[in-house]
1. Scanning region 1-27 for residues that are within 14 Å of Glu74 (Cβ to Cβ) and β-branched (Val, Ile, Thr), which turns out surrounded by the most Cβ atoms within 10 Å (Cβ to Cβ)?
2. Determine the pairs where a residue that is over 15 Å from Ala24 (Cα atoms) and free of Cβ contacts under 8 Å to residues at least 12 places away in the same chain, located within region 36-59, has a partner that is assigned to a helix (DSSP H, G or I) and of a type in the set (D, E, K, R) with Cβ atoms under 8 Å apart, the partner being 6 or more residues away or on another chain.
3. Quick check on Ser31: is it surrounded by 18 or more Cβ atoms within 10 Å (Cβ to Cβ) and either within 18 Å of Phe101 (Cα to Cα) or among the aromatic types (Phe, Trp, Tyr) (or both)?
4. Looking at Ile108, Ile45, Ile72, can you tell me which residue is within 18 Å of Tyr13 (Cβ to Cβ), part of a helix (DSSP H, G or I), of a type in the set (A, V, I, L, M) and over 11 Å from the mean Cα position of the chain (by Cα)?
5. Filter region 1-23 down to residues that are without any contact (Cβ under 8 Å) to a residue 60 or more places away in the chain and among the hydrophobic types (A, V, I, L, M, F, W, C) and give me whichever is farthest from Lys103 (Cα to Cα).
6. Ile5 is checked against (1) out of contact with any helix residue (DSSP H, G or I) (no Cβ under 8 Å at 6 or more places or on another chain); (2) not in a helix (DSSP H, G or I) and fails just one. What number does that condition carry?
7. For residues that are closer than 20 Å to Leu83 by Cα and polar (S, T, N, Q), scanning just region 106-122, find the one that is surrounded by the fewest Cβ atoms within 10 Å (Cβ to Cβ).
Amino acid sequence: MKQKIHYENDIFYLKTYIRILSDALKLNIDSFIFAEKTLEDINFIEKIIQKLYTSLEENPHLIRRTDHLLSIVEVKKFFITYLENLTRNGNPYSNDLKQAFPKLKRSIANHTRDLSAIQSQLKTTESGNTDSEHISENEMSFLLTPYMDKDGE
């Protein structure tokens, strides 16, 4: 049995989590103490983002799917920015996470690729909705013509 996913709350939580990790980069900390936990956090975030994104991909008729995909775009952008800052030389983690940088840079590339795919998909969906919601002149005329009951004339 599938469980209900609370996309809004889950994505809000992820964005908050990423923001906290991003703020930690601004602190003058002993990164050797936190490096391992930071990698665990990154792996956790990766899995959750992928789980949410996959769920949305598998459910094309989900109510508010477009809104949730836009939220996924936003959280992926947050995460990309965090990973870019993390892999930049000069941050507190530069030395202690250097061995993980290739993996983190691949992750940046994967999320960037996903962003392009989602944005293309949203454009396609948008143009598809516009075409299917078009009302012809005859339909409009019929809808705007007052209903006349033959007995009441």
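The values are calculated or read from the model by the stated rules, or taken from the named source; none is laboratory data. It should be emphasised that the depicted structure is a prediction, and the values quoted were computed from it without experimental measurement. Heads up, the Cβs are rebuilt from the backbone with ideal geometry, glycines too, and the neighbour counts pull from every protein chain shown.
1. Among them, the one singled out is Ile18.
2. Asn59/Arg65
3. Answer is yes for this residue.
4. Ile45
5. Met1
6. So Ile5 meets the others, but not (1).
7. The qualifying residue surrounded by the fewest Cβ atoms within 10 Å (Cβ to Cβ) is Ser116.
A quick yes/no check of all residues on (1) within 26 Å of His6 (Cα to Cα); (2) at pLDDT 90 or above:
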{"site": "Leu70", "(1), (2)": "yes, yes"}
{"site": "Glu74", "(1), (2)": "yes, yes"}
{"site": "Asn95", "(1), (2)": "no, no"}
{"site": "Leu104", "(1), (2)": "no, yes"}
{"site": "Ser107", "(1), (2)": "yes, yes"}
{"site": "Asn110", "(1), (2)": "yes, yes"}
{"site": "Thr130", "(1), (2)": "no, no"}
{"site": "Glu139", "(1), (2)": "no, no"}
{"site": "Thr145", "(1), (2)": "no, no"}
